[in-house]
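Colleague: First the structure, then my questions, so here it is.
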Amino acid sequence: MSVVPSIRTTGLRTSLPEDRGQDLILPDDAHNRALVANVHPPAWVNPEPTGCYNLVVVGAGTAGLVSAAGAAGLGAKVALVERHLLGGDCLNFGCVPSKGILRSAHAVHDVRTAASFGVQVDGVVRVDFGAAMARMRGLRAGISRNDSVHRLTALGVDVYLGEARFLAGETLEVGGCRLRFKRAVLATGARAAGLPVPGLAEAGYLTNETVFSLTELPRRLVVIGAGPIGCELAQAFRRFGSEVTVVSLDERLLPREDEDAAAIVTARFEKEGVNLALGARLVRVAREGASKVVAFDRGRGEEQVAGDEVLVAVGRAPNVEALGLEAAGIEFDRFGVKVDDRLRTTNRRVYAAGDICSVHKFTHAADAMARVVLQNALFFGRKKASALRIPWCTYTDPEVAHVGLYEKEAVAKGLDVRTHTVELAEVDRAILDGEAEGFARVHVDARSGHILGATLVARHAGDMLGEVVLAMNEGHRIDALSRAIAPYPTQGEVWKRLGDAHQRLRLTPRLKRWLARWFSLGR
């Protein structure tokens, strides 16, 4: 059996114009027209503001949508301002489209490995990249109804499309309209960070904001960055049939994660044929004919790799420009808007949530922060962002999910840490699924038994982590994992095994001697 890519071609635009809603996302097809009709209707007419708003929300990504819909649901008078597409990065350029194409890439991998499950696939299996991307666009358009202008207005939110700019501490302007507010929320998110590498801009490159507009599979793809976005897309494009090289200054993939977790992903990448150039300092990028040549140095002289496309995935930069923050007395820096633990900016009327102010640049983190803002801004609440336990997951295959502290962080805090690890090779269902490559790990406070953090490497790690997150949120000790009864056989049994591992530590030599005497009495 062989797998060969089937390639379609179309134009690719790498900018997002601010004045024509129908051109905000490409290609121009029925799916994207349906998307834009939901999240930036070209014929939309902004409402006329009347009176003072209880809450004005700037930015309609996850944090903004949750803030606006939540406040309107409580009866507040709410305005929502968005300059590009409602739904933000998550819907349009992030979570939704990426997971759509990752599912197609998983299907390709499953076909390639079908023989190991006793399934023979005869003939040539073709990867239709254009069809996979069209599938993603169709699903994204359907999901966009949840984030649409029409849904928000039905909830009672006044939606304004256009650039927002603060005029004063309690007033902003959009499209010639002045909006006065009692409270406001900044939720403008972040964008793909650029790289000051000579020749990169001239050669042209993709980011998460443009890569999902592709309909032609690049024969060669150079990914700059070894973090979650770079790793997820590198593996997906390799499975589709691209020759992929990951170039990164970091010495290993996923540098934030435990080394042995990253090592499993690295081994999988190498097995699947992803080329790795790690610990590499970028020198320059140059266009040579149809190729884009990336030059780098790993301490042994200059090396080069050529690609048809270059994808830059090196982090996020907050969207703070052109908002008139100075006029509102809102302090910010290159990391974003400055907030206190209640997510209030230096203007006491204005709060912030999501990527514009958080180190945790995840959709679910933005959602959780917006809920903190609603309580604090509208009801004089005292909820603290630092109390949130934010899990995250990198959706490679296998996935790497984490919540709480890593062991080194717990030790640095002076905690007495016990770490337990169970390999998935010890879990029956993982063996039967052919997914025994991975492990589960928990870090426990040795004195209290409370869970300090957990890491899971498994094909569905993101779906499996919730049990531990709930235990941590509810203040349960690790023995709660032991008491929970999991259906057999499931991969989720791994948490029970970890709980049992900790319980066995309670069987001290002294207790063993007491039990021996007890049973010697014929009990």
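Colleague: Once the Cα atoms of the stretch 146-265 are picked out, what are the Rg and Dmax in Å?
Modeller: For the stretch 146-265, the Cα-based Rg and Dmax read 20.8, 55 Å.
Colleague: Sticking with this one: In Å², what does the accessible area per residue of the chain work out to with a 1.4 Å probe?
Modeller: Accessible surface, normalised per residue, equals 46 Å².
Colleague: Amide H to amide H, which residues 5 or more places from Leu80 or on other chains are under 5 Å from it, using H placed in the peptide plane?
Modeller: Val57, Asp158, Val159, Tyr160
Colleague: Which of the GluC sites (Glu not before Pro) found in the stretch 240-326 are in a DSSP loop and have at most 13 neighbouring Cβ atoms, other than their own, within 10 Å?
Modeller: The qualifying sites are Glu251, Glu321.
Colleague: Let me ask you something else. Which whole-angstrom value gives the distance between the alpha carbon centres of the stretch 449-472 and the stretch 496-518?
Modeller: 24 Å
Colleague: Of all accessible surface on the chain at a 1.4 Å probe, what whole percent is carbon and sulfur?
Modeller: Answer for the chain is 51 percent, counting heavy atoms of protein chains only.
Colleague: Equivalent-ellipsoid semi-axes (√(5λ), Cα gyration tensor) for the stretch 218-312, whole Å, largest first?
Modeller: Three semi-axes, in Å: 21, 16, 10.
Colleague: I've got another one for you. Any idea what the relative contact order of the chain is, in percent, if you count C-alpha pairs under 8 Å spaced at least 6 apart?
Modeller: 13 percent
Colleague: If you average the C-alpha positions of the stretch 142-215 and of the stretch 58-85 separately, how far apart do those two centres end up, in angstrom?
Modeller: When both Cα centres are located, 12 Å separates them.
Colleague: Further question on the same structure: Please name whichever of Leu515, Met472, Trp495 sits farthest to the positive end of the charge dipole of the stretch 468-518, dipole taken about the Cα centre and charges placed at Cβ: Lys and Arg +1, Asp and Glu -1.
Modeller: After comparing all options, I get Leu515.
Colleague: May I ask which residue of Leu65, Ser116, Gly225 lies farthest towards the positive end of the charge dipole of the chain, with charges of +1 (Lys, Arg) and -1 (Asp, Glu) on Cβ and the Cα centre as origin?
Modeller: The Cα lying farthest towards the positive end belongs to Leu65.
Colleague: Please list the non-local residues whose amide H lies under 5 Å from the amide H of Val283, H modeled 1.01 Å from N, same-chain partners needing a gap of 5 or more.
Modeller: Result for Val283 returns Ala295, Phe296, Asp297.
Colleague: So what is the calculated 222 nm ellipticity per residue for the chain, using -39500 (n - 2.57) for each DSSP H run with n of 4 or more, over all residues, to the nearest 500 deg cm²/dmol?
Modeller: When only DSSP H runs of four or more count, the value is -9500 deg cm²/dmol.
Colleague: Counting Lys and Arg as +1 and Asp and Glu as -1, what is the net charge of the other residues whose Cβ lies under 10 Å from the Cβ of Ala164?
Modeller: Local charge sum for Ala164: -1.
Colleague: Over the Cα atoms of the chain, what radius of gyration and what Dmax do you get, in Å?
Modeller: Cα radius of gyration and Dmax of the chain are 25.4, 89 Å respectively.
Colleague: For a quick protection proxy, order the peptides 138-148, 119-129 by their average other-Cβ count within 10 Å, most packed first.
Modeller: The peptides rank, most packed first, as 138-148, 119-129.
Colleague: Residue by residue through the stretch 483-495, what is 3J(HN,Hα) from phi via Karplus (6.51 cos²θ - 1.76 cosθ + 1.60, θ = phi - 60°)? Round to whole Hz and write x for glycine and proline.
Modeller: My calculation for the stretch 483-495 gives 7, 5, 9, 9, x, 10, x, 9, 5, x, 4, 4, 5 Hz in order.
Colleague: Additional query: Do any GluC sites (Glu not before Pro) in the stretch 437-488 lie in a DSSP loop with no more than 12 other beta carbon atoms within 10 Å, and if so, which?
Modeller: Glu474
Colleague: In Å and from the alpha-carbon atoms only, list the Rg and Dmax of the stretch 380-523.
Modeller: Considering the stretch 380-523 through its Cα atoms, Rg and Dmax are 17.3, 64 Å.
Colleague: Nearest 5 is fine: what % of DSSP beta bridges in the chain come out antiparallel, could you say?
Modeller: 55 percent
The values are calculated or read from the model by the stated rules, or taken from the named source; none is laboratory data. The structure displayed is predicted, hence computed values, not measured ones. Note: ideal-geometry Cβ built from the backbone for every residue, glycine included; neighbour counts use all protein chains shown. Surface areas here come from the heavy atoms of the whole protein model, side chains and all, with no ligands, DNA or RNA. Shrake-Rupley method; radii C 1.70, N 1.55, O 1.52, S 1.80 Å.
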